Every structure is written in structure tokens, then in C-alpha cells.
Amino acid sequence: GQQLNQSPQSMFIQEGEDVSMNCTSSSIFNTWLWYKQDPGEGPVLLIALYKAGELTSNGRLTAQFGITRKDSFLNISASIPSDVGIYFCAGRDYRGSNYKLTFGKGTLLTVNP
Amino acid sequence: SAVISQKPSRDICQRGTSLTIQCQVDSQVTMMFWYRQQPGQSLTLIATANQGSEATYESGFVIDKFPISRPNLTFSTLTVSNMSPEDSSIYLCSVELPGSKPQHFGDGTRLSIL
């Protein structure tokens with residue numbers, strides 16, 4: 001089946017630093033999504049990318065859909081304590097009769113104040 | 001987006017018993033999904049639940065273990081049957097809004113089996 005390699009597994013940074021994480025896939029996706037999960041909650045959609053090469057921002061977050069359609073990265077600028085959580089990438093493609101998501105293993109982000 | 005409510009939010013169950021998890025959405029959606037998230041792990045799709053048809057299960061998941069109902073466009077249930085400690089996980093429902101929008105998730109049901 002499809003697999004996503006997400007890295008790094010975890011990051012420990014100081015408040016104010018920039019963060020970068022990425023996902024690579026063995027197969028092509030037609031949409032890349034980035035979610036954040038806080039403890040005790042479900043994943044919350046941060047950014048959706050629909051076209052190869054697309055670069056999209058949401059506040060301090062910037063994500064890009066790789067040209068090959070097999071990769072994506074997420075950058076967080078000027079991190080703050082509330083950025084702590086687990087970040088998941090997800091690739092979406094049409095399988096069977098509907099769209100399905102394949103998730104990366106997540107990046108655990110810790111921000112030291 | 002949509003407001004997705006899951007019940008119960010958490011439960012502790014005895015092995016061999018079954019638990020039904022409810023997922024309620026505040027708008028009509030065609031596509032609903034059920035995921036499992038084992039401790040410290042990523043999300044794995046259990047099945048897709050479309051209103052008016054049988055749920056479609058992913059490899060490794062079967063209807064006898066995880067029966068699903070989808071009686072209308074705003075509600076679905078997932079039952080975890082004959083539970084064992086290996087079923088201790090977070091179970092999440094998600095919905096795809098009309099227009100093939102990205103999936104949105106409920107807050108999950110945290111299930112522990114003793």
C-alpha cells in the first residue's frame with residue numbers, strides 16, 4: 001500500500017525559531033494536506049494544497065506541494081508555545097469510489113518558551 | 001467547516017464486551033470515515049461509511065469486528081466488538097464536506113480495554 005515518510009519524528013526548538021518538516025511518498029497524490037493534533041483532540045486542518053508547485057500560506061504557516069506530486073513541506077515561522085502539538089501530513093487520492101487519505105507518522109513539535 | 005460531535009469522549013471497558021461510538025455532524029454530508037489511532041501512532045482508515053450503502057472496509061478491518069451504521073446524512077456509529085486490550089486506541093470519525101473538500105475530524109473516542 002501507499003506509504004508516507006514524514007520527518008523529522010520530533011523537534012525541540014526555542015520560541016521564535018523557524019520550523020520545517022516534510023513528507024515524501026512512493027506514489028503520486030492529487031492533494032496534500034497538513035493537520036495539527038493537540039492532546040485530547042482530533043486533527044485540525046491547517047493547509048490544503050491542490051496543485052503541483054502550489055505554495056500556500058496560513059498566517060505563520062507556509063506549505064508547498066512538490067512538483068513531482070510525491071512530496072510536501074510545512075514551514076512554521078517565529079514559533080510560539082501554542083504551536084506545540086503533533087503535525088501530520090496526509091496525501092489524498094481517488095481510490096475505489098471516493099477520495100481517501102494516507103497519513104504520515106507525524107512530527108511532534110515542542111517549543112521551549 | 002462542520003461541527004462534529006463524538007460520543008463517548010472516552011471509556012474504559014472490559015475485554016469481551018462491545019462499545020458503540022456515535023458521530024453526529026451539524027450538516028448533511030455524503031462521506032463519513034472512521035479511523036483508528038493507536039497510542040503514539042498515526043491515523044489508519046478503518047472504513048468509509050456512505051449513507052444508503054454498506055460500509056467499505058480497508059484491508060485488515062472486517063465488518064464482524066467493526067460494524068458500522070449510517071442511517072442518515074448527519075449520523076454514523078462504529079461498534080468495536082468483542083474487545084481485547086489490543087483495541088485500546090483513539091477512534092475518530094471524519095467527514096468530507098460537499099465539493100470534495102478536505103476531511104474534518106471529530107475529537108475522537110479514547111478507548112481503554114482492561
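At a temperature of 20 °C and a viscosity of 1.002 mPa s, determine how fast region B:1-70 diffuses translationally according to Stokes-Einstein, using the Kirkwood radius over alpha-carbon pairs as Rh; express D in µm²/s, rounded to the nearest whole number.
157
Mind checking the dipole of the protein assembly as shown: about its Cα centre, +1 per Lys or Arg Cβ, -1 per Asp or Glu Cβ, Debye to the nearest 20?
380
Mind telling me which of B:Val25, B:Val62, B:Val80 comes out most flexible in a GNM of chain B, alpha-carbon contacts under 10 Å?
B:Val62
If you project the alpha carbons of the protein assembly as shown onto their three principal axes, what span does each projection cover, largest first, in Å?
Rounded to whole Å, the extents work out to 48, 37, 32 Å.
Provide the three semi-axes, in whole Å and in decreasing order, of the ellipsoid equivalent to region A:33-113 as defined by the square roots of 5 times the Cα gyration tensor eigenvalues.
Each semi-axis is the square root of five times an eigenvalue, giving 23, 16, 9 Å.
Can you pull out the trypsin sites (Lys or Arg not before Pro) in region A:41-97 whose DSSP state is coil and whose Cβ has at most 15 other Cβ atoms within 10 Å?
Here the sparse-neighbourhood loop sites are A:Lys51, A:Arg60.
Over all alpha-carbon pairs of region B:41-114, lay out the pair-distance distribution in 5 Å bins, whole %, shortest bin first.
Per 5 Å bin, starting at zero, the Cα-Cα P(r) for region B:41-114 comes out as 3, 14, 23, 28, 19, 9, 3, 1, 0 percent.
With unit charges on the beta carbon (Lys/Arg positive, Asp/Glu negative), name the residue among A:Ile47, A:Thr24, A:Pro8 whose Cα is farthest towards the positive pole of the charge dipole of chain A.
A:Thr24
About the Cα centre of region A:8-93, how large is the charge dipole given +1 on each Lys and Arg Cβ and -1 on each Asp and Glu Cβ? Please answer in debye to the nearest 20. Present the calculation step by step, with values, prior to reporting the outcome.
Numbers: 6 positive and 9 negative charges, 78 e Å.
So the dipole magnitude of region A:8-93 works out to roughly 380 debye.
Can you list, by residue number, the Cys in chain B that have no neighbouring cysteine C-beta under 4.7 Å?
Among the cysteines of chain B, those whose Cβ sits 4.7 Å or more from every other are B:Cys13.
Once phi is turned into θ = phi - 60°, what whole-Hz ³J(HN,Hα) does the Karplus curve with 6.51, -1.76 and 1.60 give for every residue of region A:97-110, x standing for Gly and Pro?
Values per residue, Gly and Pro as x: 10, 7, 6, 9, 9, 10, 9, x, 7, x, 10, 8, 9, 10 Hz.
How high is the relative contact order of chain B, in percent, counting Cα pairs under 8 Å that sit 6 or more residues apart?
37
Can you give the Rg to Rh ratio for region A:1-68, taking only C-alpha atoms and Rh from Kirkwood?
The Rg/Rh ratio comes out at 0.96.
Using the Karplus curve 6.51 cos²θ - 1.76 cosθ + 1.60 with θ = phi - 60°, work out ³J(HN,Hα) for each residue of region B:26-33 in order, rounded to whole Hz, and write x for Gly and Pro.
8, 8, 6, 9, 7, 9, 10, 10
Provide, for the protein assembly as shown, the number of lysine pairs with alpha carbons under 26 Å apart, each pair being eight or more places apart or on different chains.
Lysine pairs meeting both conditions in the protein assembly as shown amount to 21.
Using alpha-carbon positions, what is the distance between the centroids of region B:32-96 and region A:2-71, in Å?
Between the Cα centre of region B:32-96 and that of region A:2-71, the gap is 25 Å.
With unit charges on the beta carbons (Lys and Arg positive, Asp and Glu negative) and the dipole taken about the Cα centre of the protein assembly as shown, which residue among A:Ser77, A:Gly59, B:Pro71 sits farthest to the positive side?
Value: B:Pro71.
Given a 1.4 Å probe and no ligands, DNA or RNA in the count, how much accessible surface is buried by B and A, both sides, to the nearest 100 Å²?
On the way: alone 6090 and 6050 Å², together 10540 Å².
The contact between A and B buries close to 1600 Å².
The values are calculated or read from the model by the stated rules, or taken from the named source; none is laboratory data. No experiment lies behind these values; they were computed from the predicted model shown. Quick reminder, even Gly has a Cβ in these numbers, built from the backbone with ideal geometry, and neighbours come from all protein chains shown. Accessible surface areas use protein heavy atoms only, side chains included; no ligands, DNA or RNA. Shrake-Rupley method; radii C 1.70, N 1.55, O 1.52, S 1.80 Å.
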